[in-house]
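Every number here is computed from the coordinates shown, using simple stated rules; none is lab data. Note that the structure is a prediction, hence the values are computed from the model and not measured. FYI the Cβ positions are ideal-geometry reconstructions off the backbone, even for glycines, and counts take in every protein chain you see.
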Amino acid sequence: MSVHDVFVHPSGQDDNLGDSALRAGLLQALRGEGNRLHVYLDGQSSDYLSGIPLETRDILYTSRQAWLQASREVNRPVYVINAGEINPQPGVSFPGGKRIAEMRGVVNRGGIVVAAGLGLKDPTVAPKVVFDPKLREAAVMSWRDHGSRQGAGFGDVAPDWAFSLGPDPSAWPGKDSRRLIAVTLRFDRPWPGERWLAAVRTLAARTATRVVTIAQVARDAPRAVRLAGELQGEYLVAPTTRHDHLDAHVRAVYSRSLAVVSDRAHALIMGATEGAYPVGTAADPQKIRRLLDTVGIGALTGHHDGLAERAQNLELEVAGLESAIEAARRDLGLLTQRLNSAIDTAT
C-alpha cells in the first residue's frame, strides 16, 4: 500500500473550543487509508493541543521550516489549507505571498493543494479580493457556507467540519429529559439588554426549563457569570481549560438542553450535534446565520431584538433537527470522499 504524505497546519485560537473542534473534524476527514499526516503546530498551548486528535503515526513539527522541508523530500505532497474563518482584504492577494509560494512549490513538484471548510468573515468584500489561482484551482475547494461561495465566485459548499463530531442522532436523549436552556455569549460584543434577557427568561418559563450558562471560550467566562445572575440561572464551570475536558463538559450540558442560545457559531453547532436546537442571537447575526442555513437550521437565528418572536417557534423547528444533522453528515461524508479521492489520485 502506497503512503500519501499530507501536510496540515490545524492552528486556532488557544482558548476557543470551536477552533479545535472544527480542526479535529478536518483531521478526521484526512485520515484516509494510507495517509500519513505531517502536522505543524507551533505556539499552541497544551489546552488547545488536547483538542487536536493526534495519532502515533502522525509526524509532528514545531518548526514551519522543518515542515516545509519535509514536504520537499516526499513525492507528490498534499498541502492542506487550514479550515475555518478567513478575513482577506480588498485589493490584496489571498493567501499571502509566502503561502502562495508554498502552494506553488507543492504543485510544481507534482503535489496538490486542497482547501475544505473555509468561510469568509465578510463575503461582501470577496469580489474585491485577489484570490490566487492555486486556491481557485485547488484539487478540492469547498466553502463552509453558501454566502462565502457566492461572494468568492468559485468552489463548492459543505457544512462546517464541527457538524461531523458528536453522537449519532439516534442516541440523543429524548425531549422529556432536556430540562435546560444553555446560554453563552461572546465577551467582545455589546451587552444585549433587558428586552433580550426577558425573552430568555420567558422561553425558559414557557418550556419548563432551567437556564444555565457556559463558556466555550475562556474569555467568555465573566460574561457567563453575569448572564447567570441576570437570568436567575446557574453558571456551569468546566473542570479545566483543557479542550478535551471542555468538550466533554459542554456536550454533557447540551445533551440535557432543549436549546442553545448564543452568538458563538460553534456553541450553536456543537449544541445541534447533541440535539439542542440552535437559537442564534447576535448584534450582527450574518455569520452564524450563514453557517446554520447551510444545513437548514437557521430559522431561529437573527438579531437580539427579535429573539422573543423567533423563540416562539422553537417547538416547531425542533422536530427537523435530527434529519438536518444526518444530512449535514452525509454531505461531509461526500466531501471526505472527495478529499481522499484527490489524495489517492495525486499519489
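Computed values, structure above
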quantity: Sequence-separation-based contact order of the range 169-326, relative, with Cα cut under 8 Å and 6+ spacing, percent; calculated: 24
quantity: Cα gyration tensor, the range 138-209 - rounded (a/c under 1.5), prolate or oblate; calculated: oblate
quantity: Residue order, fewest to most surrounding Cβ atoms within 10 angstrom, among HIS243, HIS303; calculated: HIS303, HIS243
quantity: For peptides 271-284, 164-177, sequence by mean Cβ density within 10 Å, most packed first; calculated: 271-284, 164-177
quantity: At R0 = 56 Å, FRET efficiency that the Cβ-Cβ distance of PHE154 and ASP176 yields, to 0.05; calculated: 0.75
quantity: For the chain: relative contact order, % (alpha-carbon pairs under 8 angstrom, 6 or more apart); calculated: 17
quantity: Answer label, with mean projected area of the Cα convex hull in nm² calculated from the coordinates and candidates [x] 39.6; [y] 22.7; [z] 16.8; calculated: [z]
quantity: Cross-link pairs beyond the 23 Å C-alpha cut-off, checked among LYS98/LYS134; LYS98/LYS121; LYS98/LYS128; LYS134/LYS287; calculated: LYS134/LYS287
quantity: DSSP-assigned coil residues among GluC sites (Glu not before Pro) in the range 73-112, each with at most 11 further Cβ atoms within 10 Å; calculated: GLU73
quantity: Environment charge of ALA66, counting only residues whose C-beta is closer than 12 Å and scoring Lys/Arg +1, Asp/Glu -1; calculated: 0
quantity: Helical segments meeting 30 Å axial Cα length and Kyte-Doolittle -1.0 threshold in the chain (DSSP H); calculated: 321-346
quantity: Longest site-free stretch - the chain; sites: chymotrypsin sites (Phe, Trp or Tyr not before Pro), DSSP loop, at most 14 other Cβ within 10 Å; calculated: 188-347
quantity: Least to most buried among MET103, MET270 (fewest other Cβ within 10 Å first); calculated: MET103, MET270
quantity: The range 76-150: trypsin sites (Lys or Arg not before Pro) falling in loop per DSSP and having at most 16 other Cβ within 10 Å; calculated: ARG109, LYS121
quantity: Volume of the Cα convex hull of the range 169-326, divided per residue and given in Å³; calculated: 100
quantity: Selection of trypsin sites (Lys or Arg not before Pro), the range 1-87, meeting DSSP coil and at most 10 other Cβ within 10 Å; calculated: ARG57
quantity: Residue-averaged [θ]222 nm for the chain, counting only DSSP H segments that reach four residues, each worth -39500 (n - 2.57); calculated: -11500 deg cm²/dmol
quantity: Additional length obtainable on full extension of the chain from ALA205 to LYS121, 0.36 nm per residue less Cα span; calculated: 26.7 nm
